[in-house]
Amino acid sequence: MRMRLKLKTVFVLYFMVSLLGLIYALMQLGQRCDCRDHDLSKDQQISQLRGELQKLQEHIKTELSKKTDVPKIYVITPTYARLVQKAELTRLSHTFLHVPQLHWIVVEDAPQPTPLVTDFLAASGLTYTHLYKLTPKDRKLQEGDPSWLKPRGAEQRNEGLRWLREMGSAAKGKEAAALEEAVVYFADDDNTYSLQLFEEMRYTYRVSVWPVGLVGGMKFERPVVEDGKVVRFHTGWRPNRPFPIDMAGFAVSLRFVLTSPQARFDGDAQMGFLESSFLQHLVTMDDLEPKADLCTKVLVWHTRTEKPKMKREDALQKQGMGSDPDVEV
C-alpha cells in the first residue's frame, strides 16, 4: 500500500511539472523575440562593427596613455603616394597602437599634405604630427630605376628632425625634462616591427643598435658584440663603411639629437652611406649600445610590399570602365 502511494505521488508531481512547463511554453509563443541584430541590414551591421572598433581603439589608446612613467618614443616615418601607401600606413599604425608613449611623425614626400594621409592620421587613434617635404627632382628615383640607386627619404627624415629640434627649443620645465629621456626612431612604412623592439629601444642613452632581418641580400645583418661592446658588423656588402647598418637597426636619444644640430642625413650620400652620414656626427662604434640580447635576436624585418600589377585595371581604363576614382584605396 505504501509503495503504491509513493508511485502515485511521483506520478502526480511529474504531471504537474509537465503541465506547468507546457503552460509556460504556450505563454512564450505570444512574446516578441529580441531579433534586432537579425533585422539589421548589411550596411547597418558594418556601421555597428565600425563603431565598436572605434570604441576599442579609444580604449586601447586610453589604457596605453596611462603609462606615462616611461620615456616617449618619437617615430619618424617618410611616406610617398603610391597604390599601397594606405595599406602600408594601416599595418604600421596598428602596430603603433600597442606601443605606450609613442608619438608618430609622418612626413610626406609632397608639396603639401594630401587628403589621404590627413584623413588617415585623423582616424588612426594615435598621437601624431603630420609634416611634408618634397624631394628635389634631381634626387628622385625615375621610373625603372633600381631602389638602391639614390638615397630615399633623406629630406623627410631631416624635416622630422627639424620639427623635433624646434619643439625641443621651445620646451620648458617638465616638458623639457621629459624630452631628455625620449628616443628617436626612423621607421619606414613597409617594414615589419615586433612590439618588443620598442621596449628594447625605449631606454637609449646615446645610440642603441640591434639586428635587422631580410636585408642586404642576407637572412639578417647585425652588430657583432664581444664583452658587451660592438666590435664589427655582420654584413655582406661594404663592411668597411663607418656604420654598415640599416635604417631600421638603430635608435637615438632625443637629448643627443637636440645637442647635435649638425647631425642630419645627406641626400647626396653614395649608396649605402645614408645611415653613416647621420650617425658619424653622433657616435663612434665604441659608443653603440647593443640591444636585443646583445644583438642575437631579430625584432625588425626589412620587408617590402610587392608592387601591384594593374594590367586589367589599365585595360578597363582604356574602355572607360575603370574602377571608381572616388573610392579610396
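The values are calculated or read from the model by the stated rules, or taken from the named source; none is laboratory data. In this text the structure is predicted, and so the values were computed from the model without any measurement. Here the Cβ is made from the backbone with ideal geometry for all residues, glycine too, and neighbour counts use every protein chain on show. Please note that ligands, DNA and RNA were not included when accessible areas were found on the heavy atoms of the full protein model with its side chains. Shrake-Rupley method; radii C 1.70, N 1.55, O 1.52, S 1.80 Å.
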Inset, instruction - Answer yes or no as to whether E108 is modelled with pLDDT of 95 or more and within 12 Å of the chain's Cα centre (by Cα). - result: no
Legend entry - Test for Y203: is it among the hydroxyl-bearing types (S, T, Y), out of contact with any Ser or Thr (no Cβ under 7 Å at 6 or more places or on another chain), open to solvent by 80 Å² or more (accessible area, probe 1.4 Å) and over 27 Å from Q85 (Cβ atoms): yes
Inset, instruction - Go through the range 122-167 and count every residue that is in contact (Cβ under 8 Å) with a residue 60 or more places away in the chain and of a type in the set (A, V, I, L, M). - result: 5
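What do you reckon, is T90 at pLDDT 95 or above, more than 24 Å from L195 (Cα to Cα), β-branched (V, I, T) and surrounded by fewer than 17 Cβ atoms within 10 Å (Cβ to Cβ)?
Numbers: at pLDDT 95 or above: yes; more than 24 Å from L195 (Cα to Cα): no; β-branched (V, I, T): yes; surrounded by fewer than 17 Cβ atoms within 10 Å (Cβ to Cβ): yes.
In short, no.
Yes/no matrix, rows are residues, columns are (1) free of Cβ contacts under 8 Å to residues at least 24 places away in the same chain; (2) assigned to a helix (DSSP H, G or I); (3) touching a helix residue (DSSP H, G or I) at 6+ places or on another chain (Cβ under 9 Å):
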{"position": "P100", "(1), (2), (3)": "no, no, yes"}
{"position": "W104", "(1), (2), (3)": "no, no, yes"}
{"position": "P111", "(1), (2), (3)": "yes, no, no"}
{"position": "F120", "(1), (2), (3)": "no, yes, yes"}
Legend entry - Total residues in the range 177-192, condition hydroxyl-bearing (S, T, Y) and closer than 20 Å to L279 by Cβ: 1
Inset, instruction - Name every residue in the range 272-299 that is more than 22 Å from L161 (Cα to Cα) and of a type in the set (A, V, I, L, M, F, W, C), in order of residue number. - result: M285, A292, L294, C295, V298, L299
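Rundown of residues vs (1) over 15 Å from W301 (Cα atoms); (2) in contact (Cβ under 8 Å) with a residue 24 or more places away in the chain, yes/no style:
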residue	(1), (2)
S194	no, yes
V212	no, yes
M218	no, no
V224	yes, yes
F265	yes, yes
D268	yes, yes
Inset, instruction - Output the residues belonging to the range 93-137 that are acidic (D, E) and surrounded by 17 or more Cβ atoms within 10 Å (Cβ to Cβ). - result: E108, D109
Legend entry - Those strands (runs of 3 or more DSSP E) lying entirely in the range 212-329 with at least 3 residues touching a Gly at 6+ places or on another chain (Cβ under 9 Å) and modelled with pLDDT of 95 or more: 218-226
Inset, instruction - Give the range 308-324 a look and list any residue that's open to solvent by 70 Å² or more (accessible area, probe 1.4 Å) and among the charged types (D, E, K, R), or say none. - result: K309, K311, R312, D314, K318, D324
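Being touching a Leu at 6+ places or on another chain (Cβ under 9 Å) and free of Cβ contacts under 8 Å to residues at least 24 places away in the same chain is the filter here, so list the residues in the range 310-324 that pass it.
Initial filter on the range 310-324 (touching a Leu at 6+ places or on another chain (Cβ under 9 Å)): 310, 322-323.
Once the filter is applied, which keeps residues that are touching a Leu at 6+ places or on another chain (Cβ under 9 Å) and free of Cβ contacts under 8 Å to residues at least 24 places away in the same chain, the range 310-324 yields G322, S323.
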Inset, instruction - Go through the range 256-307 and count every residue that is open to solvent by 20 Å² or more (accessible area, probe 1.4 Å) and on the phi < 0 side of the Ramachandran plot. - result: 31
Inset, instruction - Could you list all residues from the range 217-243 that are open to solvent by less than 50 Å² (accessible area, probe 1.4 Å) and at positive phi? - result: G228
